[in-house]
Structures are given as C-alpha cells and as structure tokens.
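The values are calculated or read from the model by the stated rules, or taken from the named source; none is laboratory data. All figures in this text were calculated on a predicted structure; none of them were measured in a lab. Glycine also receives a Cβ, built like all others from the backbone with ideal geometry; neighbour counts cover every protein chain displayed. What goes into the accessible areas is simple: the full protein's heavy atoms, side chains included, and nothing from ligands, DNA or RNA. Shrake-Rupley method; radii C 1.70, N 1.55, O 1.52, S 1.80 Å.
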Amino acid sequence: MKFSDIFSGLVLMALSLLILLTVKDYPDIPGQNIGPGAFPGLLAALLALCSVLLIFKGIKTQRHTPWLVWGEWVTSRFHFRNFLITIGCLVFYITASDFLGFLICGTAVLATMFTALKVRWQWTVMLSIIVTLVVHTIFYKALRVPLPWGILSPIQW
Amino acid sequence: MTTAVLLQAFWLVFDPYVLLVILCSAMFGLFVGCIPGLSATMATALLVPITFFMPPVPAIAAIVTATAMAIFSGDIPGALLRIPGTPASAAYTDEAYQMTLKGQAEVALGAGLVFSAIGGLFGTLVMILFSPALAEIALKFSSFEYFWLVVLGLAGAVFIGNASVLKACITLLLGLLIACIGLENPAGMPRFTFGLKELMSGVELIPMMVGMFAVSELLRYITNMDPPHIIATEKIGNIFSGMWGLLKKYRWPLARGSALGTVIGIQPGSGADMASWLSYAMSKKFSKEPEKFGTGHVEGIVESGAANNSSLAGAWIPAIVFGIPGDSITAIAIGVLYLKNMNPGPMIFINNPENIYAIFLVFILANIIMVPLGWLTVKIATKILRVQRNILMPIILIFCIVGSFSINNSVWGVTLILFFGLAAFLLEENGFPVAPAILGVVLGTMMEENFITSMIKSDGDPLVFFTRPIAMWLAIGTIVILLWPVFTWAYQRITQTRAA
C-alpha cells in the first residue's frame, strides 16, 4: 500500500497546520514570554517545511505515479483477508473483552488466527485453549494482572 | 567505597532470581533471533511488559541479555537459510550462506558466536572504563548543553544511515510531537488530548513500542508473499574447532571491528545493523584478500560479527550517562529505567552506583554465557528453524495484547498497539523509517524541558545557546552533522563538473 510522496506530503502538511492552529491559543507561562505552545509550534513548523520538501520531491520524481498503489499483498485474497482478520481480532478484543472476559476472547482470537493461517483444526482447538490458559496463569496468577473475567465471573478461580 | 559498591553490585546480580531471569531471557533472545522475521528489537518490545513487574536490575538484565543473544543468533538463519534472523546479520548473510554451501557451516557459525562474544566484551570494557569519566563531565552540563546533546543525538539518528534523510526527519518530528501529548510539559497544560482522559498522562511508551515493533512485524509477516526458504544443510560440525587459529590470524580485523562497532554504538541513532554493514565494508577494504569476499570467506564475518555485538554495549554509554539512547533498543531500555524511577543521567553514578555496576556485570555475564548457550542453539538450530510460524505468530499477538493491557490494566493499551502497529506498518511500507520516531518520543520531554528552561534563563535570547563554551562545541558538532548532506552534495557537484 504505497502512497505517493505528493499525497503523503499533503497529509503531513494538513497535520502540521492543524497543530499550529491548536497551539496558537495556548497561553504563555505567567510572567514569561514563552509557553506550552512554543515547542510543539516549532516542531509543527519544521514538519510543514519537511512536507513542502516532500511534495516538491514527489512532483520532481513521481509526477506520473498514482497517489495510491495497492501492494501485491492487497490483491492476493489470502493475504489481504488475513491482514483484515488480524486487525479485526484486535478490534474485537478491545470492544468485547470487558464483557466476554479474557478466557473467551483470548481463545477466540487465537482460534481465528490459527484458522486464518491454515493450522490444522485439531491443533487449532488444542492450542487456542492451552495457550490462553497458560497466558492467563502467567499474567493473572503470577504477575497479578487483573485480566477481565467478564461473563465467566461466577466461575472465577 | 568502590569495593563496597562492587560487592553490592555482585549481590544484586548473583541473586538466584536475577540469574534465572538472565537464563530465561537468554534462551528467549536466542530463540527470537533465530526465527527470521522476529528482530532483536521485537524481542525487547515483547520482554518489556514482563520486566514491568521486576525490580530494576533484573529488568535491565533481561533486556541486555536477550538483545545480545538475539544479535548473535540472527546469524544462524543467515547461514542456513540465507535470510538474516535480525537486520544486524544482513551484512554478511550471503558470505555465511556461501560458506554453508561449501560445507563450512560450522566455521561460519562458530566465528559468529566466538567473535560476537569477544566484540561484546570489548564494548563492555570500553563502557566500564569511559562512562564514569564521562559522567563526571556530564555533571557540569546545564540545560543548554543538554539541549544540544539531545539535538546532536537526534541529528545522528536522522542523518546517518537512512535511505531518505527527509523521511527520517519527518518520522522524528512525528515522534517528538507524540511526546508533546498530555500534561507533562513545563507549563503543566493538557495538550492534544482530544478530550480523552487516557491521553492526559501522555502516550504510554510500552504499548507504543509493542505496537511499533511487534504488531507491525506481525502484520508484515501476515502480508509477506515470499515463498518459504529451504534449509541448506542438516549437518553442522563442532563450531569451536579452528577458532583459535582464526583468532590468531584475524586479531587485527577483530580489534578493528570491535572498536568501530563500539564507536558506532555510542553515536546516537546508529546501532548494530549499521555497525555490521560499515565494518564489513571496512574489512573488505583493508583485507589482504579482498577478492575472496562474497565467495564464502570468514574474515568479514569475524570483523562485523564482533562489530554488531560491541555496538550494543557502546549504545549503552550515552544511554546511561546522558539518558540519550544510542539505538531503538536502548530507547526502549531508557523507557524502562524511567518507569523504575532509575532515571538515567550522571546523577545515577552518584545516587545508585551499585545499579550501574550491576549493569556492567550483566553485560560481562551475558557475553560469557552466550558461548555455551549459543553452542546449544546451533545444535538444535535446524529444529528451531522448523517451528511453524503460523502457530507462533498468533501466540505473539496474544502476548502483545496481554502485555499492553497489563501496563494500566485497561484495554486502552490494546488500542494503542493497534494504532501504532498499523501506523508503523504503513510508514515502513512507504519508506519512512520508524526508529527515529521512537527516539523522538523518548527524548521529546527532555528536549522540551531543556529548551524551555534555557529560554527562560536567557530571557528569550536564543544566542545564549551558542555562547557557553561546551554548548558552543556541541552546537558546532550538530551543525556539521546537519549540513553534512549539503557538503557531500556540493563536493560531488564540484568533482563532477571538474571531471566533465
């Protein structure tokens, strides 16, 4: 997934302008002529300069390349699907772990990833359960991280 | 006084718990380094959530040991599969593979192991000898000097060894801007928090690193379309035979590689990969038999194998003395030191000298146990290389999730690894290096603090940054690095026009 330098430059330029707009209204430290906006403002100005250079470089060298070139992996269904599944697993964990608890979410994430990467189903079932339990024991029991129990709270151990 | 401190350091390191941590992280580092696609930086990023629960000395011991091991064991898949296990082995992967094809796998791996250990010990020795003296000088530094030191470090990170200086500059600025998020600034004003209370204390470093170095590598594996490689040989003989001969024959390349590696490590922003590329090139230049390079000749492996391990120790010198990381691994380690309230800087030599000596001891220990453990790893290497990566990767993902959760016990950490994992993946796809970003995040707060303090001290007059004697020299050094690309460009132009 390759963006042209012109496009990246424009996005970065927009970002630096946004930052400059935000820090404009930051008040100075009382009694000083400098404030919390000075440093991020300086950085944003430098970023704007760099993005102008990047845009120029893009115009010079990549004028005829499209703004976005999909990588080879995007066109391969297997790879693109797995990419989306990995992201999906993380999003699923973020949204569902409080409710479903670590044991269910962990097993689900592992089983999905194993299946997506073509691990044999016997292994998938066995490994997803065992790895989740091992990780749970290490972090919950040994390191005392309060991994959520969610709907499994009644059988908490 | 010193003996008492040394004894204390001995007690800290030779504690059964610390030794166990060292042993486990050594095995972990050897394993991760041996698997292509998992780098030494990833080993560190995965270790950090666990070290979060340890006292300072074992936490640092875990990182030091795991990285030293991973850098060596990156040579193994290089020699057997022709893919470097970590970027630091890339410089001599072809050479080692050619040796394997000639039936000399054991010489290539033995040289990698023995000379890695010697290089590592050399770097450690330099660190032990020089860092206390440097710390004495650093005590005299004020905010002006620290400001320049940070800029010098960041300039090095951007201008040395990056394919595109401009893109490295951009990621560095992005990293510095991320460091601006939250309340922790001289004015104590919440900046760029988007109304999220999670961002009030800034972006947590550990989830960010796990995202940038572990999740993004995972995404790269998932989207990688290269066919699997074939193991070149099953038979590896005694890796130690003939090493004494090599040691005598190549003592100068060994010394040169170790010295160059240490210097490159000290220079902020350039780490083991650069040390190994540069010293391989130097080895070829100074060799009596340069024509043999690339055909399976051990000399380059001796020199750059030593260089990449010595650079690891070198990178720790500015990290401990000034709190300025030499590469992305020490950037992570500095983050850990801050979490442990063991803020790096010259004061640590006065307040906690036993901890510093403990770090020195861990370096020595790690480089010594590398030899037997590395030998064992080579013995079972062909088995490790057969570990199914489609089984390993989901397990790494679950570790990333739990590790980032455990920092604040909230899913916010998981959200951060998703964001930074995707961001780092996209940046690298587009040729933006991510290491400068992490240096920016680690150094951002320090840079702003020193900048604002200096500006207040000087009543807003920026000239003061150049008038103090040490500050002036640091400023000159920085400006030379900043203008270096312009010099080389101009020089090339002049020579070209003359030639024409």
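Binned at 5 Å from 0, what are the whole-percent values of the Cα-Cα distance distribution for segment B:1-145, short to long?
Using 5 Å bins, I get a P(r) of 2, 10, 14, 16, 16, 14, 12, 8, 5, 2, 1, 0 for segment B:1-145.
Per-residue mean of other chain beta-carbon atoms within 10 angstrom of the beta-carbon, peptide A:15-21?
1
Report, by chain and number, residues whose modeled amide H sits under 5 Å from the one on residue B:191, excluding near sequence neighbours (fewer than 5 apart, same chain).
B:182, B:183
Accessible area per residue for segment A:1-120 in Å², computed with a 1.4 Å probe and the full protein assembly in place, what is it?
Working: 6400 Å² over 120 residues.
I get 53 Å² per residue for this part.
According to the Cα gyration tensor, what semi-axes, each the square root of 5 times an eigenvalue, does the equivalent ellipsoid of chain B have, listed from largest to smallest in whole Å?
For chain B, the ellipsoid semi-axes come out as 35, 27, 24 Å.
Over segment B:1-149, what percent of the accessible surface lies on carbon and sulfur atoms, probe 1.4 Å?
75 percent
Enter the mean number of other protein chain beta carbons within 10 Å of the beta carbon of each residue in A:141-148, as an integer. Could the numbers behind the result be given before it?
Working: counts 0, 1, 7, 3, 9, 4, 4, 4.
So the per-residue partner count for this stretch is 4.
Calculated from DSSP H runs of 4 or more alone, at -39500 (n - 2.57) each and per residue, what is the 222 nm mean residue ellipticity of chain B, nearest 500?
-23500 deg cm²/dmol
Using Cα centres only, tell me the gap between segment B:355-402 and segment A:17-84 in whole Å.
Answer, in whole Å: 37.
Semi-axes, largest first, in whole Å: what does sqrt of 5 times each Cα gyration tensor eigenvalue give for segment B:234-286?
25, 15, 10
Toward the positive end of the charge dipole of chain A, about the Cα centre and with charges on Cβ (Lys, Arg +1; Asp, Glu -1), which of A:61, A:78, A:42 goes farthest?
Positive-most Cα among the choices belongs to A:78.
From the phi of every residue in segment B:218-223, what ³J(HN,Hα) in whole Hz does the Karplus formula 6.51 cos²θ - 1.76 cosθ + 1.60 yield, where θ is phi - 60° and glycine or proline is x?
Once θ is set to phi - 60°, the couplings for segment B:218-223 become 5, 4, 5, 5, 4, 9 Hz.
Over the Cα atoms of segment B:1-69, what radius of gyration and what Dmax do you get, in Å?
Answer for segment B:1-69, Rg first and Dmax second: 13.3, 47 Å.
Taking the 0 to 90 degree range and rounding to the nearest ten, how far is the long axis of helix A:121-136 tilted relative to the main principal axis of chain A, both from C-alpha atoms?
Compared with the principal axis, the helix lies near 70 degrees.
Dividing the Cα convex hull volume of segment B:295-365 by residue count, how many Å³ per residue is that?
Working: hull volume 6.7 nm³, N = 71.
So the per-residue Cα hull volume is 94 Å³.
Would you work out the charge dipole size for chain B about its Cα centre, treating the Cβ of every Lys and Arg as +1 and the Cβ of every Asp and Glu as -1, and quote it to the nearest 20 debye? Write out the running numbers ahead of the final one.
Numbers: 25 positive and 26 negative charges, 202 e Å.
In debye, rounded to 20, chain B gives about 960.
For the protein assembly as shown, what are the per-bin percents of Cα-Cα distances with bins 20 Å wide, up to the bin holding the maximum?
18, 52, 28, 2, 0
With the Cα gyration tensor of segment B:403-464 in hand, convert its eigenvalues to equivalent ellipsoid semi-axes via √(5λ) and list them largest first in whole Å. Please report the intermediate quantities before stating the final value.
Details: eigenvalues 224, 67, 10 Å².
Ellipsoid semi-axes (Å, largest first): 33, 18, 7.
Rounded to whole Å, give me the distance from the Cα center of segment B:451-499 to that of segment A:106-153.
54 Å
Between 0 and 90 degrees, rounded to the nearest ten: what's the tilt of helix B:143-159 against the longest Cα principal axis of chain B?
The answer is roughly 40 degrees.
According to a simple spin-label model (label point 7 Å from Cα along Cα-to-Cβ), what is the distance in nm between residue B:233 and residue A:22?
5.6 nm
Peptide B:168-181: average number of partner chain Cβ atoms within 10 Å per residue?
That average works out to 5.
Exposed loop trypsin sites (Lys or Arg not before Pro) only (DSSP loop, at most 15 other Cβ atoms within 10 Å): please give the longest stretch of chain B free of them, not including the sites.
B:387-500
So if I take the centroid of the Cα atoms in segment B:303-335 and the same for segment B:3-19, what is the distance between those two points in Å?
Centre-to-centre (Cα) distance: 23 Å.
What's the whole-number percent of alpha carbon pairs in segment B:83-195 lying beyond 23 angstrom?
Numbers: 3949 of 6328 pairs.
Tail of P(r) above 23 Å: 62 percent of Cα pairs.
With a 1.4 Å probe and all protein chains left in place, how much accessible area per residue does chain B have, in Å²?
Details: 19460 Å² over 500 residues.
Per residue, chain B has an accessible area of 39 Å².
Would you mind estimating how fast segment A:72-157 diffuses translationally, via Stokes-Einstein at 4 °C and 1.567 mPa s with the Kirkwood radius over Cα pairs, in µm²/s?
Result for D is 93 µm²/s.
For segment A:1-151, what is the convex hull volume of the alpha-carbon atoms per residue, in Å³?
187 Å³
As an exercise, find the ratio Rg/Rh for segment B:109-173 from alpha-carbon atoms, using the Kirkwood inverse-distance average for Rh.
Using Cα coordinates only, the ratio equals 1.15.
Treat segment A:1-68 as a sphere of radius equal to its Kirkwood radius over Cα pairs and apply Stokes-Einstein at 4 °C in a medium of 1.567 mPa s; give the translational diffusion coefficient in µm²/s, rounded to a whole number.
After rounding, the answer is 98 µm²/s.
Restricting to DSSP H runs of at least four residues, report the calculated mean residue ellipticity at 222 nm for chain A, -39500 (n - 2.57) per run over all residues, nearest 500 deg cm²/dmol.
-22000 deg cm²/dmol
Determine Rg/Rh for segment B:306-463; Rg is computed over alpha-carbon atoms and Rh is the Kirkwood hydrodynamic estimate from the same atoms.
Here Rg/Rh amounts to 1.04.
If you fit an axis through the alpha-carbon atoms of helix B:328-339 and take the longest principal axis of the Cα set of chain B, what angle between them do you get, 0 to 90°, nearest 10?
50 degrees
Taking 28 Å as the cut-off for C-alpha to C-alpha distance, list the pairs among B:235/B:292; B:248/B:383; B:167/B:284; B:285/B:379; B:248/B:285 that go past it.
Result: B:248/B:383; B:167/B:284; B:285/B:379 exceed 28 Å.
D for segment B:343-400, whole µm²/s, Stokes-Einstein with Kirkwood Rh over alpha-carbon pairs at 20 °C and 1.002 mPa s: what number?
Approximately 143 µm²/s, per Stokes-Einstein.
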